[in-house]
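The block underneath contains the structure these notes are about, expressed in structure tokens.
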Amino acid sequence: MNIIKKELRLGFKPFLIWLVGLFVLDIVGLIKFTGVSEGGVSMSAIIDQIPRVVQALIGIVGINIETLSGYYAILAYFVLMCGCVYAIYLAGNAMNREIVDKTYEFIFTKPRSRAAILSMKLIVGVIYLAGFTLVNIVFSYIGLSILNINESIFKEIIYFSIAMFLICLLYYAVTAFICSICTRPEKGTFYGNVFFLVTFIIGVVVDMIEKPGIVRILSPMKYFPPIEILQYQLSIFYIIAAIIIIVISSILAYSYFNKRDLKAVN
């Protein structure tokens with residue numbers, strides 16, 4: 001329990017910094033919706049003239065930006081990217097903080113197994129990811145209340161939040177596994193970010209293809225595309241796929257971490 005309290009304390013300041021960015025995306029982004037909806041110019045017509053590859057990069061393929069739910073879908077896409085990067089950061093800290101801070105000899109000589117200590121550290125990361133998701137919901141509603149419009153997108157916000165949490169957990173678990181097999185701590189987080197970048201690019205390719213089929217499984221960012229969430233759909237196949245990846249990555253992370261040669265870096 002002391003380890004959990006320590007990890008929560010150490011992670012609180014970075015969490016607040018991430019919330020500042022989340023505040024800007026949610027509240028400031030939603031406030032700008034009034035400019036889009038009242039601008040007198042058809043945004044859909046403008047978007048239709050944008051190359052599909054650019055639409056795919058910013059997550060607006062098949063989205064009607066002139067509706068509140070469609071506009072929110074774009075904001076949710078950017079929040080998802082931030083959440084995934086934050087998940088990678090949390091996983092790197094959970095796996096490598098003691099090695100970087102040269103405190104591994106103190107914590108791992110406690111009468112606890114490596115698996116127990118790692119579990120407590122990883123639980124803290126999940127807590128912060130859950131907090132990030134919940135605060136995103138709160139900020140979304142604050143932004144909507146500022147807009148003072150009658151249209152309700154409560155269901156859409158919840159669906160986007162569930163999808164984001166599950167995808168962030170996937171990147172969290174995969175990065176934890178990557179960190180467990182890297183001999184140098186900075187390499188684990190680096191490769192975690194490379195994994196995110198590669199899967200993001202694959203996601204852009206998926207959006208470029210009319211019927212991507214099974215290729216979509218290579219990009220977690222596209223497991224729950226906005227156009228499906230706006231129809232209140234979360235694919236059971238991809239929910240199961242995400243859970244399987246999370247479980248396997250977690251098991252491998254524990255396995256390799258137990259065999260890892262813990263030593264401080266210069």
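Could you identify the single residue in 256, 232, 223 that is surrounded by 13 or more Cβ atoms within 10 Å (Cβ to Cβ), touching a residue at least 12 places away in the same chain (Cβ under 8 Å) and farther than 18 Å from residue 58 by Cα?
Being surrounded by 13 or more Cβ atoms within 10 Å (Cβ to Cβ), touching a residue at least 12 places away in the same chain (Cβ under 8 Å) and farther than 18 Å from residue 58 by Cα holds for just one of 256, 232, 223, which is 256.
Does at least one position in region 126-133 carry a residue that is β-branched (Val, Ile, Thr) and at pLDDT below 95?
Among the residues of region 126-133, not one is β-branched (Val, Ile, Thr) and at pLDDT below 95, which makes the answer no.
Report whether or not residue 152 is at pLDDT below 95 and surrounded by fewer than 22 Cβ atoms within 10 Å (Cβ to Cβ).
Taking the combined requirement at face value, the residue satisfies it.
Could you list, in sequence order, all residues of region 64-74 that are surrounded by fewer than 23 Cβ atoms within 10 Å (Cβ to Cβ) and among the aliphatic types (A, V, I, L, M)?
65, 68, 74
Filter region 145-188 for residues that are over 21 Å from the mean Cα position of the chain (by Cα) and free of Cβ contacts under 8 Å to residues at least 40 places away in the same chain and give the result.
Those that are over 21 Å from the mean Cα position of the chain (by Cα) and free of Cβ contacts under 8 Å to residues at least 40 places away in the same chain: 145, 148, 150, 152, 182.
Check whether at least one residue in region 83-100 is part of a helix (DSSP H, G or I), at pLDDT 90 or above, surrounded by fewer than 16 Cβ atoms within 10 Å (Cβ to Cβ) and touching a Ser or Thr at 6+ places or on another chain (Cβ under 9 Å), and report yes or no.
no
Determine if region 195-207 includes at least one residue that is among the polar types (S, T, N, Q), in a helix (DSSP H, G or I) and more than 23 Å from residue 62 (Cβ to Cβ).
There is no residue in region 195-207 that is among the polar types (S, T, N, Q), in a helix (DSSP H, G or I) and more than 23 Å from residue 62 (Cβ to Cβ).
Can you tell me which residue within region 203-229, out of those that are of a type in the set (A, V, I, L, M) and closer than 20 Å to residue 79 by Cβ, is nearest to the chain's Cα centre (by Cα)?
Among them, the one singled out is 221.
Restricting to region 10-36, and then to whatever is charged (D, E, K, R) and at pLDDT below 90, can you tell me which residue is surrounded by the most Cβ atoms within 10 Å (Cβ to Cβ)?
26
If you take the residues in region 49-72 that are part of a loop (DSSP other than H, G, I, E, B) and within 14 Å of residue 229 (Cβ to Cβ), which one is nearest to the chain's Cα centre (by Cα)?
Result: 59.
With the requirement that a residue be touching a Lys or Arg at 6+ places or on another chain (Cβ under 9 Å) and on the phi > 0 side of the Ramachandran plot, what does region 199-239 give you?
The answer is 232, and nothing else.
Are any of the residues in region 126-149 outside any helix (DSSP H, G or I) and surrounded by fewer than 21 Cβ atoms within 10 Å (Cβ to Cβ)?
yes
Of the residues 191, 232, 238, which single one is outside any helix (DSSP H, G or I) and either over 15 Å from the mean Cα position of the chain (by Cα) or at pLDDT below 95 (or both)?
232
The values are calculated or read from the model by the stated rules, or taken from the named source; none is laboratory data. All values derive from a computational prediction rather than experimental measurement. Note: ideal-geometry Cβ built from the backbone for every residue, glycine included; neighbour counts use all protein chains shown.
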